[in-house]
Amino acid sequence: MEPWTIELGELDRKMGVEVVEQSAERVVATMPIDGNRQSLGLLHGGGMVALAEAVGSWAAVIHASTMGKVAVGVDINATHHASGRDGTVTATATAIRLGRTLTSHEVVLVDDRGRRLCTARITNAIVEKR
């Protein structure tokens, strides 16, 4: 693990996100489904995308920090395969490319049974600190 501690933002805390593993190559976090459901009682798709963006961005920030820079999101897309009603969702961001100006991570969200709920891809730009 790199000498980096992810500080959760306000939305992350409200959603109950917990970081399990962190590096530029891979970030893993969990989130309870309870408290993150939409009106039909299913895990909210926007909640899944918010979690995907968080883990992908954290990985990019860790990578950027090795160059004295920061990362900012420029693109995210997600495909919802299924939804959950209870338990925990786990998001794993895996580096596709760690460049000097851009990073790309694939993020896979699964439920407690290992069933894939969502696949996302996030791209972050590496920029100078302001």
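Of the strands (runs of 3 or more DSSP E) lying entirely inside segment 15-130, those carrying at least 1 residues that are surrounded by fewer than 17 Cβ atoms within 10 Å (Cβ to Cβ) and more than 16 Å from the chain's Cα centre (by Cα) are 69-80, 102-110, 116-128.
Does segment 1-13 hold any residues that are surrounded by 12 or more Cβ atoms within 10 Å (Cβ to Cβ) and among the charged types (D, E, K, R), and which are they? Outline the logic, then answer.
Taking segment 1-13 as the starting set, the residues that turn out to be surrounded by 12 or more Cβ atoms within 10 Å (Cβ to Cβ) are 2, 4, 6, 8-9, 11-12.
Across segment 1-13, the qualifying residues are 2, 12.
When you go through 68, 46, 35, 16 one by one, which is the residue that is touching a Lys or Arg at 6+ places or on another chain (Cβ under 9 Å) and under 20 Å from residue 117 (Cα atoms)?
Criteria check complete, one pass: 35.
Would it be correct to say that residue 69 is of a type outside the set (Asp, Glu), more than 25 Å from residue 127 (Cβ to Cβ) and modelled with pLDDT of 95 or more? So residue 69 fails the test. Flag: residue 64 does not match the condition of being out of contact with any Ser or Thr (no Cβ under 6 Å at 6 or more places or on another chain) and under 17 Å from residue 107 (Cβ atoms).
The set of residues from segment 99-126 being more than 15 Å from residue 75 (Cα to Cα) and of a type outside the set (Gly, Ala, Ser) comprises 100, 108, 109, 110, 111, 112, 113, 115, 116, 117, 118. Of the residues contained in segment 57-72, one or more are found to be within 20 Å of residue 12 (Cα to Cα), touching a residue at least 40 places away in the same chain (Cβ under 8 Å) and in contact with a helix residue (DSSP H, G or I) (Cβ under 6 Å, 6 or more places away or on another chain).
The values are calculated or read from the model by the stated rules, or taken from the named source; none is laboratory data. What you are looking at is a predicted structure, and each value in this text was computed from that prediction instead of being measured. Glycine gets a Cβ as well: all are built from the backbone with ideal geometry, and neighbour counts include every protein chain shown.
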